[in-house]
Amino acid sequence: MDKKLHDEASDVTAEHGQVMVDGPDGVAVALTPDAAAETSDRLLNGAVEAQGQILAKARAAEDRVRKSD
């Protein structure tokens, strides 16, 4: 699995009843509408979880700064 972190969103189009995803580094995937919808849900849930992790880390850093004052 490519562990490189990408900060650009993938392009998504619908063609002939398929959902086409073109991502970074030449990633290209064709999905059924049902698979695309489930993937969308999973991506959104993962994004929310990751944002929460970032916020928790920032808050912990702020708490450490306050305690050291």
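The values are calculated or read from the model by the stated rules, or taken from the named source; none is laboratory data. Quick caveat, the model's predicted, so the values are computed rather than measured. Using ideal geometry, Cβ is built from the backbone for each residue, glycine included, and neighbour counts are taken over all protein chains shown. The area values use the complete protein model at the heavy-atom level, side chains included, leaving out ligands, DNA and RNA. Shrake-Rupley method; radii C 1.70, N 1.55, O 1.52, S 1.80 Å.
Filter the range 13-36 for residues that are under 24 Å from Lys3 (Cβ atoms) and touching a helix residue (DSSP H, G or I) at 6+ places or on another chain (Cβ under 6 Å) and give the result.
Within the range 13-36, no residue meets the criteria.
I'd like to check something: does the range 8-16 contain any residue that is on the phi > 0 side of the Ramachandran plot, assigned to a loop (DSSP other than H, G, I, E, B) and open to solvent by 60 Å² or more (accessible area, probe 1.4 Å)?
yes
Report, by residue number, each residue of the range 51-69 that is of a type in the set (Val, Ile, Thr) and either closer than 23 Å to Glu8 by Cα or open to solvent by 90 Å² or more (accessible area, probe 1.4 Å) (or both).
The answer is Ile54, and nothing else.
Could you go through the range 28-50 and let me know if any residue there is in a loop (DSSP other than H, G, I, E, B) and surrounded by 10 or more Cβ atoms within 10 Å (Cβ to Cβ).
Taking every residue of the range 28-50 in turn, at least one turns out to be in a loop (DSSP other than H, G, I, E, B) and surrounded by 10 or more Cβ atoms within 10 Å (Cβ to Cβ).
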